Amino acid sequence: MSSKACVSFDTVLDSTGLSRYQVSVIIPCALVAMSDGFDTQSIGLVAPDIASAWRVSPATFGLVFGIGMFGALVGALLFGLSSDRFGRRPNLIAAVSLFPVVTLVTPLVTSIDGLLVVRFLTGLGLGGALPGIISFTSEFTPSRMRPTGVSLMVRGFPLGAVIGGVVAAKLIPTFGWQSVFYLGGALPLLLIPLFALRLPESARYLAINGDYARLRPILERMGSSVRAEDIAPEAAATRSPATSLFTEGRACGTLLLWATLFLSLLVSYVLVNWVPIMARHSGVSSVGAILGVAVLNLGGILGCLVLGRLTDRFRRPALVLGFAYTLGGIAVASIGLTGASGTTLLIAAFLAGFLALGAQICTVAFSADFYETALRATGVGWAAAVGRIGAIVGPVLGGLLIGTGMTAPGLFLFTGLASVAAAGAAFALGRRSSGTLRQQLRRAPAKAG
């Protein structure tokens, strides 16, 4: 055994490049992200049919939508902490096993109370899988390719939602709303044997814990000639207290970042959950309403790509995102004015997705650049948590507003105004982020000395 470890794990990854073995680990993670997107979107797609079959008010589904997102928040926290303690592999397999099983049970429930229980448990599994697939993708990807690799994998979520919309438009008229959950549960179940037989433990996790016996064969499959014993142990992660996000001039910027993500995710989840129901009530056909959501998510994927390039080109990400949220607010409000025209709905939904949803996805990436390295994990973690709260509040609030008698024009006007409010926070954040960067540069020489 070597007496002195001398190679960092990132050096090993960068020297091997992206081998076939590493790709074979990342692709299943992308498939899980797609399954996550499919299943998260499914309840919104079938809600109009369930409401009709059970003779309940559509407003009731606000709580159903919200409880699923609350379950995802709890799952992300629980499985994330457990993964750091007990390993990535067992926790990811447990999460990927949970949500398809509960999804398959969903067609058997016959009441809103039962639906609340299964949607919470489904969200628990879906949210729990997310930290695992992000960790695996990040920890098996060379550092120079890591941001792109993780970004592409996460885009499997809206892609799964698009596929879910297209498939549901075919399934529901012929086989009923239950078929969406049977398919959404059966497909992820096929991944479980693949994960159980082929998925290794995270190589970085093994390196940190000094489990060289399990690390050696993984390094060999990656094509690395480095011995497991020669990998330098990584320092334990330091936990930056949340209070640090409000010191040294960061408070205003932190609150603006939180406001932007809270409002943008509120907008996103009002749209993906309530567009099908409100479109049906406006006279759009079942197929047209479902395809409207598919086009909404497709717009989000394309919008993220275009807006991401624009932010890179102009180097003013908050300014680009602010304009996108503003125009997105107009597009969102126009959804409520489409009436019974399926074609007009598709156009308005695509524009809303391209601008509002595309900007929301890009804002998550922007949050990682807002804080200096020592605070980045804490800052992004808290920002994501606040954003998830917006994803819970949005659908529930939509249900409450509809319960008061608000119609589609009013609901989408309100949601569009929330997008404009997100734009205001983004514009203000842009000014603060520039100031924060200047402060960091001023502090750097002092820290170095």
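Per residue, segment 1-138 exposes an accessible area of 38 Å² to a 1.4 Å probe, with every protein chain left in place. What the phi angles of segment 24-34 give under the Karplus curve with 6.51, -1.76 and 1.60, with θ = phi - 60°, is a coupling list of 5, 7, 6, 4, x, 5, 5, 5, 5, 4, 5 Hz, glycine and proline written as x. Dimensions of segment 67-148 based on its C-alpha atoms, expressed as ranges along the principal axes with the largest first, amount to 50, 26, 19 Å.
A viscosity of 1.306 mPa s and a temperature of 10 °C, combined with the Kirkwood radius over C-alpha pairs in the Stokes-Einstein formula, give the chain a diffusion coefficient of 70 µm²/s. To the nearest whole percent, what portion of all C-alpha pairs in segment 29-91 is separated by more than 17 angstrom? So the portion of pairs separated by more than 17 Å is 56 percent. May I ask which residue of 335, 224, 43 lies farthest towards the positive end of the charge dipole of the chain, with charges of +1 (Lys, Arg) and -1 (Asp, Glu) on Cβ and the Cα centre as origin? With unit charges placed on the Cβ atoms, the residue in question is 224. Using just its DSSP H runs of length 4 or more, each adding -39500 (n - 2.57), the chain gives a mean residue ellipticity at 222 nm of -27000 deg cm²/dmol after division by all residues. Sorted from longest to shortest, the spans of the Cα atoms of segment 156-227 along the three principal axes equal 58, 21, 20 Å.
Suppose the chain between residue 404 and residue 341 were pulled fully straight at 0.36 nm per residue; how much longer would it get relative to their current alpha carbon spacing?
Length gained between residue 404 and residue 341: 20.2 nm.
What you get for segment 271-410, charging only the Cβ of Lys and Arg (+1) and of Asp and Glu (-1), is a dipole of about 120 debye around the Cα centre.
Any chance you could run the full-extension gain for residue 86 through residue 20? It's 0.36 nm times the residue separation minus the Cα-Cα distance, nm to one decimal. Each step should come with its number before you reach the end.
On the way: separation 66, 0.36 × 66 = 23.76 nm, distance 2.67 nm.
Here the answer is 21.1 nm.
Can you divide the C-alpha Rg of segment 276-405 by 2.2 N^0.38 Å and report the result to two decimal places? Intermediate results must be reported in sequence, preceding the final value.
On the way: Rg = 16.6 Å, N = 130, 2.2 N^0.38 = 14.0 Å.
The reported ratio for this selection is 1.18.
Assuming charge only on the beta carbon of Lys and Arg (+1) and of Asp and Glu (-1), the dipole of the chain about its Cα centre is about 840 debye to the nearest 20.
Checking every one of the trypsin sites (Lys or Arg not before Pro) in segment 1-97 against DSSP loop status and a limit of 10 other Cβ atoms within 10 Å picks out 4, 55.
The values are calculated or read from the model by the stated rules, or taken from the named source; none is laboratory data. No experiment lies behind these values; they were computed from the predicted model shown. Note that each Cβ is placed from the backbone with ideal geometry, even for glycine, and that neighbours are counted across all protein chains shown. Accessible surface areas use protein heavy atoms only, side chains included; no ligands, DNA or RNA. Shrake-Rupley method; radii C 1.70, N 1.55, O 1.52, S 1.80 Å.
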